[in-house]
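**Student:** I'd like to ask some things about the structure below.
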Amino acid sequence: MFKVDTPNTDEDFAKYFHFRWVMLRKPWNYPEGSEKDEYEQVGLHRMVTNTDGEVIAIGRLHFNTPEEAQIRHIAVHPDYHGKGLGKLVVSALEGVARSQGIERIVTNSREVSTPFFKSCGFEVVGEATTELGQLKREQMVKKLTELNAVMLHPKWCKALQDTWYETIPISEQMGIKLYQYTGRTLEVRASLNKNINLHGTMFAGSIFSLATLTGWGMLYLQLKEKQLDGEIVLGDADIHYHKPVSMQPRALCNIESVSGKFDTLAKGKKSPFKLVVELHDGHNAVAEFRGVYWILPPADEKE
């Protein structure tokens with residue numbers, strides 16, 4: 001599973017800016033250094049690296065006013081296109097903006113990137129100044145609301161949230177809430193205050209429940225994606241706790257961890273699915289859940 005990090009060291013920033021130059025300036029024969037602007041010192045930088053420590057995706061956020069933030073320099077290595085890394089970076093930057101009470105995010109998008117930003121919830125509001133003196137750009141805006149924190153299929157996500165609360169009422173009491181769905185990654189959060197033990201950390205059972213619902217939710221949304229119906233049940237699970245949760249409980253399930261055959265379900269047969277949910281306390285990994293779920297076809301389709 002890929003994770004968004006903040007560059008901290010001189011080495012981190014050297015790799016970060018070199019990647020930005022290679023992806024966004026070198027193709028137009030601009031020298032190294034041209035990738036930087038006057039907002040670098042006040043900007044909030046994020047990057048994704050692979051297992052070899054190589055930068056494969058980046059992005060930056062800076063604040064224009066107390067109400068408005070701007071996203072710039074989103075780039076993903078061509079070898080990693082289609083894995084949702086661009087949305088992962090935008091989501092991380094958007095999360096920072098929301099935490100600061102920002103009401104809207106703007107970006108000036110090249111025409112080729114406009115569909116990507118539209119998929120992240122941005123709307124075109126006009127033309128922007130050209131980039132590098134030759135690249136036409138469009139000004140795009142996303143007004144931040146509670147609902148559109150979910151980037152993809154907000155109606156499905158609301159239906160999932162409602163299903164949890166209606167069928168498992170204690171999930172609402174635990175403050176379990178779908179935070180975002182990008183199509184590739186589902187993030188669910190819970191309230192620490194509603195699940196706190198005498199040590200000031202989250203109950204292990206609450207962590208397990210958060211992970212179980214996150215895995216269940218990923219399969220629910222994948223059924224929607226594939227226009228299938230089915231009943232999802234947990235068959236087996238294993239969880240390893242590494243550290244306590246003392247700040248912000250977060251559960252993330254990535255589509256790459258999901259294995260199973262939806263075509264078997266489409267034929268009216270039950271099918272097992274395995275997946276992994278990573279539990280985080282803020283940005284720190286604290287536990288790993290491995291679940292085996294069964295998806296049963298609707299009653300009228302069972303053999």
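The values are calculated or read from the model by the stated rules, or taken from the named source; none is laboratory data. Everything quoted here is computed from the prediction, not taken from an experiment. No Cβ is skipped: glycine too gets one built from the backbone with ideal geometry, and neighbour counts run over all protein chains shown.
**Student:** Those residues that are under 17 Å from Thr214 (Cα atoms), modelled with pLDDT under 95 and of a type in the set (A, V, I, L, M), I need them from the range 253-265; list them, please.
**Tutor:** Hit for the range 253-265 is Ile255, nothing else.
**Student:** Sort out which residues of the range 2-35 are within 17 Å of His77 (Cα to Cα) and either of a type in the set (Val, Ile, Thr) or in a loop (DSSP other than H, G, I, E, B) (or both), and write them in order of number.
**Tutor:** Phe2, Lys3, Val4, Val22, Arg25, Glu35
**Student:** Taking the range 242-261 on its own, how many of its residues are outside any strand (DSSP E or B) and free of Cβ contacts under 8 Å to residues at least 40 places away in the same chain?
**Tutor:** Filtering the range 242-261 down to residues outside any strand (DSSP E or B) leaves 242-248, 255-258, 261.
Next, only the ones that are free of Cβ contacts under 8 Å to residues at least 40 places away in the same chain stay: 261.
Here the count works out to 1.
**Student:** Against the condition among the β-branched types (Val, Ile, Thr), outside the structural domain of Glu187 (by TED's automatic domain parsing) and at pLDDT below 95, how does Val42 come out, does it pass?
**Tutor:** Spelling it out, Val42 is indeed among the β-branched types (Val, Ile, Thr), outside the structural domain of Glu187 (by TED's automatic domain parsing) and at pLDDT below 95.
**Student:** With the requirement that a residue be assigned to a strand (DSSP E or B), under 18 Å from the mean Cα position of the chain (by Cα) and not hydrophobic (A, V, I, L, M, F, W, C), what does the range 262-303 give you?
**Tutor:** Hits for the range 262-303 are Glu278, His280, Asp281, Asn284, Glu288.
**Student:** Would you check which residues across the range 243-294 are closer than 27 Å to Ser99 by Cβ, in contact with a Leu (Cβ under 8 Å, 6 or more places away or on another chain) and of a type in the set (Lys, Arg) and list them?
**Tutor:** Residue satisfying the conditions is Arg250 alone.
**Student:** Take the residues in the range 96-115 that are free of Cβ contacts under 8 Å to residues at least 40 places away in the same chain and part of a helix (DSSP H, G or I), then tell me which one is nearest to His62 (Cα to Cα).
**Tutor:** Ser99
**Student:** Further question: Please go through the range 63-78 and give me each residue that is touching a helix residue (DSSP H, G or I) at 6+ places or on another chain (Cβ under 7 Å) and either outside any strand (DSSP E or B) or without any contact (Cβ under 8 Å) to a residue 12 or more places away in the chain (or both), ordered by number.
**Tutor:** None; the set is empty.
**Student:** Scan the range 183-241 for residues that are modelled with pLDDT under 95, assigned to a strand (DSSP E or B) and either hydroxyl-bearing (Ser, Thr, Tyr) or assigned by TED's automatic domain parsing to the domain that holds Gly84 (or both) and report the count.
**Tutor:** Going through the range 183-241 one residue at a time, the tally reaches 1.
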